[in-house]
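Written below as structure tokens is the structure these notes are about.
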Amino acid sequence: MKKPVAVTIGIGKHYAYAQKSAEYVRKHLGLETRIITDEHLHHALDLPTLAEKVWTLKYKIWDIFPDLDFIMYHDCDWRPVRKFNIMDFLPDPNDLHFCRDRHNDHIEGLEKKYGLKPNTYFNAGWFVANRKHKPLLDHCFDNYGKYEYTWHDQCVSNQVMKGLVTLADKRLNVMDLYGDYHESEIYALHNGGKNYKVYNGEPDCDWNTTVPERIMLWDDSEAWATARQHFIEIYETCKAYRGGKALEVGTFTGMGSMSMRLAGMQVKTIDVTYEFLQRCKHLWSAWHIDFHKMSGEDELKSAEKYDVIFHDSYHGNSVIPELVLFFMAKLNKGGKLIVHDVDALDLDLLLTELNNLHLSKKKVKHTVTTDYRGRQLGTFWV
């Protein structure tokens, strides 16, 4: 099928930004581009502010450009950051494609408010559609004032198109850096704060260095530091739980929590001392990680559960009761417990305790890998 034509909006001072955005689209996606400009503003709804008027112009794409059939709409603060074929992300080009919006309590509240299924509220700043979807966009435009909204056209579109949208890969419309995706995983960034600066000539991000490559730059030379290869393993394990919750017991260098955070998890890390915290914060940089000064025993008293727990505080057979409690009481269904230095304990005893106490009849599964120092990392799950 023929590739879509990219359409963006550039009204007033945003015209220069629209030109830049379109330039990135041509460079990385190889698409023809069109820009809706001031001369088309009369197509917009008559709303109180210019911004509100501009947002309704996306509903009039086929009125403004009647020669188009298949389109990819993008706000001017959206840009692709690497070359890719958009058709690879559209298994059925006849579908109406949007990407999910941010995942947070506010969005969950909007989903409940509008009667949407969980994890279906989409961001309206990027979508792919064809002419058969024009009646849906016309309905949004013609009935705009009949719908309650917080985020203007986006809320209206979500209500009108409920159940009619195919959710595309979220990496096509990432709105926040240092969130669910590492820079090397992102295909397109939708963030005016960053993109407008780049349009104006400021330095761009490093979109190419991968997480494993970044981890290999860390210093694991300290005697008690976990090896970099094991941090990569932790990262790879955590990728399956992107967006979920992770806990690190024993912060030390902060590299364990950072490995989980780079996989897109929300990370809490606990330690009994602040001694290493400043160094950790330097490593964590812009990536938010929630540090608490507390013991594993204190954490076990809380009701919070996690998808991944990395335990690396104290070692030997004396830690087995605590490991069992974390496995039994603190893991969500399908979660994994990762334990460093399992070579320092009786692995058979740990497995026996886990299997004896687990309520499921399923046997606890595990893997053990060994680093260049001979120290072992164990992963346990049901």
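Just so you know, all these numbers are worked out from the coordinates, no wet-lab data involved. Predicted model only: the values in this text are computed from it and were never measured. Note that we place each Cβ from the backbone using ideal geometry, even for glycine, and neighbour counts take in every protein chain shown.
Some observations on this one:
- FRET efficiency, ASP176 to ASP38 (Cβ-Cβ, R0 25 Å, nearest 0.05): 0.25
- Per-residue packing, averaged as other Cβ atoms within 10 Å, sorts the ranges 63-76, 277-290 into the order 63-76, 277-290, beginning with the highest.
- Taking the range 211-381 and dividing mean pair separation by its residue count, relative contact order in percent (alpha carbons under 8 Å, at least six apart): 18 percent
- Electrostatic tally near GLY254: other residues with Cβ closer than 10 Å to its Cβ, Lys and Arg +1, Asp and Glu -1, net +1.
- Where only C-alpha atoms are counted, convex hull volume of the range 211-381 per residue in Å³: 108 Å³
- For VAL7, distant residues with modelled amide H under 5 Å away: ARG34, MET72, TYR73, HIS74
- The chain: antiparallel DSSP beta bridges as a percent of all, rounded to 5: 45 percent
- With a cut-off of 13 Å between beta carbons, the residues surrounding LEU29 carry a summed charge of +3, where Lys and Arg count +1 and Asp and Glu -1.
- For the range 211-381, the antiparallel share of DSSP beta bridges with both residues in that region comes to about 35%.
- The mean of 1/r over all distinct Cα pairs in the chain, once inverted, gives the Kirkwood hydrodynamic radius of 23.3 Å.
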